[in-house]
Structures are given as structure tokens and as C-alpha cells.
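To start, the structure under review is shown below, and the notes come after it.
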Amino acid sequence: MSDIRNNWTTEEIRAIYERPLLQLMMDAAEVHKANHKFGEVQISSLLSIKTGGCTEDCSYCPQAARFHTGVEVHALLKTEQVVTAAQAAKEGGASRFCMGAAWREVRDNRDFDRVIEMVKEVNKLDMEVCCTLGMLTTHQAKRLAEAGLYAYNHNIDTSEEHYSEVISTRTYDDRLNTIDSVRKAGITVCSGGIIGLGETDEDRIGMLHTLVNMPHHPESVPINALVPVEGTPLADNKRVPFDELVRMVATARILMPKSAVRLSAGRLELSIAEQGMCFMAGANSIFAGDKLLTTGNPEFDIDKEMFRVLGLTSKAAFADRKATTGEKKNQLQHEPC
Ligand code: SAM
Ligand code: DTB
Ligand code: SF4
């Protein structure tokens with residue numbers, strides 16, 4: 001078993017990050033095998049429940065109102081539409097259902113009441129329910145927890161130093177405060193970032209440094225490769241080379257041995273072999289379904305073929321695991337640190 005540590009120095013992280021790629025992959029695979037069922041992949045499904053028209057200026061995001069990306073604005077979906085989508089995702093093998101809203105922050109209004117209702121309804125399907133709704137207060141996080149929310153996604157995206165180059169309408173501390181409220185409410189934390197934003201290796205190391213030194217490691221760590229979208233300031237950024245993604249996944253796996261490392265946006269550009277290297281290097285979660293929030297993702301049949309070729313299996317939802325193993329939500333990821 002690997003140690004869970006929350007006192008990593010930047011130098012220690014850099015020493016891991018800079019290992020020769022095959023060595024790094026082997027080291028990460030070892031940590032992965034010691035802490036997880038090798039080849040088992042948790043499948044999440046995403047649904048945009050409120051699309052576009054967002055007031056923020058996140059320079060990667062097709063849903064920011066100020067960029068002309070062609071994304072159609074859509075008001076909050078009806079609960080029945082969301083439940084139907086969740087049911088279909090479950091039938092397709094997803095154990096987690098994640099609802100995303102293009103909001104800067106949650107407001108205490110009727111829309112939030114409706115999201116609370118959605119969380120309760122999807123929970124009845126025995127799926128792990130996740131939301132990503134922007135900034136939250138402690139009180140709002142508590143309401144979500146009481147409704148049965150399992151996870152909250154709130155990415156730090158990049159290093160603290162690079163943050164203001166990417167987003168100017170909120171601060172890194174705003175992000176960290178929301179993550180703190182989520183943690184205090186007893187909801188599991190899903191937090192990671194994006195590579196390909198124009199950041200340096202030092203920024204990538206800095207982002208991992210922030211994640212790993214949180215009082216508890218996030219239970220899920222999404223590693224997104226930028227999907228450049230026409231109309232956004234980052235539209236012309238180069239696609240992230242696959243080896244950089246593998247390096248990021250492997251370093252995250254070694255630093256956060258018990259967390260789920262999710263190979264997130266950007267899979268459409270990766271071959272089965274390249275994704276296979278990410279799974280070898282410790283990725284054990286994906287978003288499945290032909291759409292992320294507004295951009296494309298591999299079709300169901302393509303992922304099914306990938307699972308067959310690589311011999312991957314899908315992980316059951318927490319509720320099902322609890323029934324068969326007696327596992328408790330808080331013992332899911334790691335001991336107190
Ligand atoms: N509005 C909420 C927020 O910002 O937290 C929730 C939705 S937001 C779209 C969720 C995450 O998607 C962002 O934090 C970012 O990491 C990721 N994301 C958005 N656009 C992306 C893109 N073009 N490529 C890769 N990841 C992206
Ligand atoms: C995460 O880290 N990646 C997902 C999810 N969390 C919400 C979102 C990716 C969005 C990619 C761009 C889009 O489809 O709009
Ligand atoms: Fe809005 Fe979230 Fe997109 Fe930023 S990432 S513009 S907060 S939807």
C-alpha cells in the first residue's frame with residue numbers, strides 16, 4: 001500500500017513528473033495495482049442540465065456568454081428529462097450520473113430547488129449522483145448533501161499562478177472555498193483540471209501540488225485535455241500530445257493512490273492504444289456517452305470495443321458495492337490524514 005501524504009513539496013512532485021515515461025508508467029501501475037482492482041474502470045455519464053449563457057470568462061469554455069461559439073442557450077431541463085437520461089446512462093453501464101450547469105454560482109432560487117429534486121430522483125436509481133453547478137455556499141452544499149448528493153465536481157483547472165491567465169471573473173481562492181464547503185458537508189470531492197491551456201510543466205506540477213496537499217485528497221481527479229472550441233480564446237491551442245496526458249495521469253496516480261483518476265475531456269482524439277497507456281498509468285474512470293456537456297465524446301460502441309480490446313471491466317455504483325461488500329462511503333477512498 002502506498003502512503004497517503006498531504007505534505008508534498010514541489011520538488012518531490014517534479015522528480016516524479018520528470019521520470020522517463022515508461023519508468024513513470026511502471027511506477028504508477030504498481031501504485032495502481034496496490035490500491036485498486038487493475039483494469040476496473042468507473043463509468044460516469046454527463047448531462048448538461050442548463051446550457052450556455054454563463055457570465056464567467058473561462059477562456060476554454062464554449063458556454064461562456066461572451067464568446068460566440070454557437071452553443072445554444074438552454075434553460076434548466078425538467079426533472080423528468082433528467083431522470084430519463086439518468087436511466088439510459090445506467091442501462092449503458094454508468095455508475096455515476098453527473099449534472100452540469102453553466103452557472104457562475106448557485107443562487108437560492110426555484111432553479112436550485114429543482115436541482116435538489118433532480119438529485120433526489122436520480123438517487124432513487126441507485127446511481128452515484130454528482131453535480132457541477134459552480135460556486136456553492138456551505139448552506140447550499142448542506143442542502144445538496146441532505147438530498148443525497150454523492151459527489152460535487154469543482155475543478156481548480158490549473159496552477160494558482162496561471163489561473164488569472166485563464167479566468168478573470170473569479171479567483172483560485174473562490175474555487176478552494178467551494179471545495180472546502182463541499183468537503184465540510186460530507187459530499188465527496190471531484191476536482192482536477194485541464195492541460196493544454198498554454199500552461200508550463202511548472203503549472204501542471206503546481207496544480208497537482210494544490211490537489212495533493214488538500215487536507216483530504218479529492219476522491220475523484222478528472223484530468224481533462226483541452227477541447228479547443230471555435231469562438232473561445234483558446235480555439236487555436238494545439239491538441240495535447242498523448243504522452244503529456246499519460247505523464248499527468250501517472251503522476252496524479254502516484255500522488256493520490258486511492259483516488260479515482262478520470263481520463264476526462266479529450267478522449268475523442270485518442271486511439272485505443274493511447275487510452276490503454278493512460279489506464280496502465282493509473283486512470284480508472286472515464287466519462288462515457290457520445291456527449292460531454294456540449295462537445296463530443298466517443299460513441300458507446302467505440303468504448304465497448306475499447307473495453308473488449310483492453311480487457312477492462314466497469315465498476316458497480318457505490319450502492320451496489322455497499323450491498324455486496326459492506327463498504328462505507330467514507331472508507332471508500334482513504335484513511336483520515
Ligand atoms: N459552471 C461550472 C463550473 O465552472 O464549475 C460547471 C460546469 S464547467 C463546464 C465544468 C468543467 O469543465 C470546468 O471546470 C472545466 O474544467 C471543464 N471544461 C470546460 N470546457 C472545457 C473544454 N473546452 N475542454 C476541457 N475541459 C473543459
Ligand atoms: C470535468 O472535469 N470534465 C467534464 C466534467 N468535469 C463536468 C466537463 C468537460 C467539458 C468539456 C467541454 C464541453 O463538453 O462543453
Ligand atoms: Fe461558466 Fe463553468 Fe463554463 Fe466557466 S467553465 S464559463 S463557470 S460554465
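The values are calculated or read from the model by the stated rules, or taken from the named source; none is laboratory data. What you see is a predicted model; the values in this text were computed from it and never measured. Neighbour counts run over all protein chains shown; Cβ positions are idealised from the backbone, glycine included. Note: accessible area is taken over every heavy atom of the protein model, side chains too, but ligands, DNA and RNA are not part of it. Shrake-Rupley method; radii C 1.70, N 1.55, O 1.52, S 1.80 Å.
The stretch between Arg66 and Gln81, if pulled fully straight at 0.36 nm per residue, gains 2.6 nm over its current Cα-Cα span.
So if R0 is 35 Å, what FRET efficiency would Asn6 and Ser314 give, r being the distance between their Cβ atoms, rounded to the nearest 0.05? E(calc), rounded to 0.05, equals 0.70. Largest mean-square fluctuation among Met25, Met306, Met99, in a Gaussian network model of the chain whose springs join Cα atoms under 10 Å apart, belongs to Met306.
Considering helices alone, the calculated mean residue ellipticity of the chain at 222 nm is -12000 deg cm²/dmol, with DSSP H runs of length four and up weighted by -39500 (n - 2.57) and normalised per residue.
Can you give the local net charge around Ala102? Use residues other than it whose beta-carbon is closer than 10 angstrom to its beta-carbon, Lys and Arg +1, Asp and Glu -1. Within the 10 Å Cβ shell, the charges total +1. Kindly provide log₁₀ I(q)/I(0) values, in the same order as q = 0.10, 0.14, 0.16, 0.17 Å⁻¹, from the Debye equation applied to equal alpha-carbon scatterers of the stretch 140-283. Reported log10 I(q)/I(0), two decimals: -0.34, -0.67, -0.86, -0.96.
Accessible surface for Trp8 stands near 30 Å², nearest 10, in the context of the full protein assembly shown (1.4 Å probe).
Using heavy atoms of the protein chains and a probe of 1.4 Å, the accessible area assigned to His36 is about 40 Å². Any idea of His209's accessible area? Nearest 10 Å², probe 1.4 Å. It works out to around 60 Å².
Where nothing but the Cβ of Lys and Arg (+1) and of Asp and Glu (-1) is charged, how large is the charge dipole of the stretch 10-327 around its Cα centre, in debye to the nearest 20?
With only Lys, Arg, Asp and Glu charged at Cβ, the dipole is about 940 debye.
Using 28 Å as the Cα-Cα cut-off, could you pick out the over-long pairs in Lys120/Lys315; Lys50/Lys258; Lys124/Lys304; Lys78/Lys124; Lys184/Lys304? Check vs 28 Å cut-off fails for Lys50/Lys258; Lys184/Lys304.
Heavy-atom accessible area with a 1.4 Å probe sorts Tyr150, Tyr60, largest first, into Tyr60, Tyr150. A Gaussian network model of the chain, with springs between Cα atoms under 10 Å, assigns the largest mean-square fluctuation among Ile272, Ile223, Ile187 to Ile272. The alpha carbons of the stretch 15-69 give a radius of gyration and a Dmax of 19.2, 47 Å, in that order.
The P(r) of the stretch 10-327 has a tail past 26 Å containing 43 percent of all C-alpha pairs.
Using the Cβ of Met280 as centre and a radius below 14 Å, the other residues enclosed give a net charge of -2, where K and R count +1 and D and E count -1.
Taking the Cα atoms of the stretch 1-96, the ratio Rg/Rh between the radius of gyration and the Kirkwood radius comes to 1.14. Solvent-accessible surface of protein heavy atoms, probed at 1.4 angstrom with all chains present, puts Thr138, Thr232, Thr294 in the order Thr138, Thr294, Thr232, largest first.
GNM on the chain, alpha-carbon springs under 10 angstrom: the most fluctuating residue among Gly296, Gly70, Gly93 is Gly70.
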